[in-house]
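Enquirer: The structure is given below, and queries will be raised subsequently.
The values are calculated or read from the model by the stated rules, or taken from the named source; none is laboratory data. What you see is a predicted model; the values in this text were computed from it and never measured. Counting neighbours? That spans all protein chains shown, and the Cβs are built from the backbone with ideal geometry, glycine included.
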Amino acid sequence: ATPTVHLEAEPSALAFDPAATALVIIDMQRDFLEPGGFGESLGNDVSRLAAAIEPAASLLDAARRAGLLVIHTREGHRPDLSDAPPAKIARGAPSARIGDPGPMGRILIRGEPGHDIVPALRPLPGEPVIDKPGKGAFYATDLAGILSARRIDTLLVCGVTTEVCVHTTVREANDRGYRCVVIADACASYIPAFHEAGLAMIKAQGGIFGWVSQSAQAVSALG
Ligand code: TIU
């Protein structure tokens with residue numbers, strides 16, 4: 001029989017096959033979580049995101065032990081900025097723009113220290129790392145091919161920020177036919193009201209975009 005994991009979630013519990021399920025960790029990069037990076041350059045209090053690290057680390061550990069496909073994403077651009085839309089670079093009144101030098105290297109540029117995933121969530125060799133130029137993890141990446149090659153039908157999703165890159169990814173994944181479970185405490189936002197509203201939007205209307213669960217529930221379900 002196919003091994004089945006039963007997960008408590010809202011608006012309803014669900015069952016999934018771990019061989020057909022991926023953990024997708026969105027953009028847990030120093031550029032968003034640490035001072036001196038992209039998030040702070042936009043005027044945000046980056047300390048608000050730290051709360052997601054431990055829950056995400058416990059979820060990551062449980063997913064690895066259960067044999068789930070683990071996928072990491074990073075938002076960022078080529079050093080020559082050829083994949084950065086001018087409108088994205090120009091937006092707002094940031095203290096430093098994408099590509100400008102900062103204490104963790106050039107802001108939001110691949111290969112720079114700030115672009116790295118935080119040490120507590122460092123990818124293992126063999127775990128796909130998806131470098132994406134946008135907010136969603138499908139746009140201009142090979143994520144769809146990786147998921148279909150592994151016959152994945154269900155995604156456990158966490159990371160930052162809840163209403164930006166997590167939401168954009170979950171909305172598109174839902175349209176692409178994936179069942180998405182957002183792990184609430186392993187996500188965070190610079191704007192707490194948007195974190196709460198973002199989670200509420202996922203599970204409203206009978207789960208219009210998917211499900212919402214908690215890291216402790218997912219860890220115990222993955223056993
Ligand atoms: N990863 C991600 O969410 N990128 C952002 O720019 N988020 C903000 O909230 N700004």
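Enquirer: Collect the residues in the stretch 1-42 that are within 16 Å of the ligand (Cβ to nearest atom) and of a type in the set (Gly, Ala, Ser), keeping them in residue-number order.
Expert: Passing the criteria: Gly36, Gly37, Gly39, Ser41.
Enquirer: Are any residues in the stretch 52-61 within 15 Å of the ligand (Cβ to nearest atom) and surrounded by 20 or more Cβ atoms within 10 Å (Cβ to Cβ), and if so, which ones? Spell out how you get there, then give the answer.
Expert: Kept after step one, since they are within 15 Å of the ligand (Cβ to nearest atom), are these residues of the stretch 52-61: 52-53, 56.
Those that are within 15 Å of the ligand (Cβ to nearest atom) and surrounded by 20 or more Cβ atoms within 10 Å (Cβ to Cβ): Ala52, Ala56.
Enquirer: State yes or no: is Ala149 within 16 Å of the ligand (Cβ to nearest atom) and either modelled with pLDDT of 95 or more or over 22 Å from Glu34 (Cβ atoms) (or both)?
Expert: Numbers: within 16 Å of the ligand (Cβ to nearest atom): no; either modelled with pLDDT of 95 or more or over 22 Å from Glu34 (Cβ atoms) (or both): yes.
Answer is no for this residue.
Enquirer: Here's a follow-up. Looking at (1) more than 12 Å from the ligand (Cβ to nearest atom); (2) closer than 14 Å to Leu23 by Cβ; (3) under 16 Å from the mean Cα position of the chain (by Cα); (4) surrounded by 15 or more Cβ atoms within 10 Å (Cβ to Cβ), which one does Val129 not meet, given that it meets all the others?
Expert: (4)
Enquirer: Right, next: On the given criteria, is Ile25 under 23 Å from Val164 (Cα atoms) and either surrounded by fewer than 20 Cβ atoms within 10 Å (Cβ to Cβ) or touching a Phe, Trp or Tyr at 6+ places or on another chain (Cβ under 8 Å) (or both)?
Expert: Judged against the criteria, Ile25 is not a match.
Enquirer: Ok, one more. Condition first: touching a residue at least 60 places away in the same chain (Cβ under 8 Å) and away from the ligand (no atom under 16 Å from the Cβ). Now tell me which residues in the stretch 62-93 satisfy that.
Expert: Listed by number, the residues that qualify are Ala62, Ala63, Arg64, Arg65, Ala66, Leu68, Leu69.
Enquirer: Does Ile117 meet the test of being under 27 Å from Ala15 (Cβ atoms) and of a type outside the set (Gly, Ala, Ser)?
Expert: no
Enquirer: Note down all Cβ pairs under 9 Å where the first residue falls in the stretch 151-173 and is of a type in the set (S, T, N, Q), the second is within 7 Å of the ligand (Cβ to nearest atom) and assigned to a helix (DSSP H, G or I), and they're at least six residues apart or on different chains.
Expert: Thr161/Phe32; Thr161/Gly39
Enquirer: Does Gly102 satisfy the condition of being within 16 Å of the ligand (Cβ to nearest atom), assigned to a loop (DSSP other than H, G, I, E, B), out of contact with any Pro (no Cβ under 8 Å at 6 or more places or on another chain) and of a type outside the set (A, V, I, L, M, F, W, C)?
Expert: no
Enquirer: Turning to a different aspect of this structure: Are any residues in the stretch 161-172 out of contact with any helix residue (DSSP H, G or I) (no Cβ under 6 Å at 6 or more places or on another chain) and either over 17 Å from Ile71 (Cα atoms) or more than 15 Å from the ligand (Cβ to nearest atom) (or both), and if so, which ones?
Expert: Passing the criteria: Val164, Arg171.
Enquirer: Looking at Leu69, Leu42, Leu33, Leu60 in this structure, which one is modelled with pLDDT under 95 and either within 20 Å of the chain's Cα centre (by Cα) or of a type in the set (Ser, Thr, Tyr) (or both)?
Expert: Leu42
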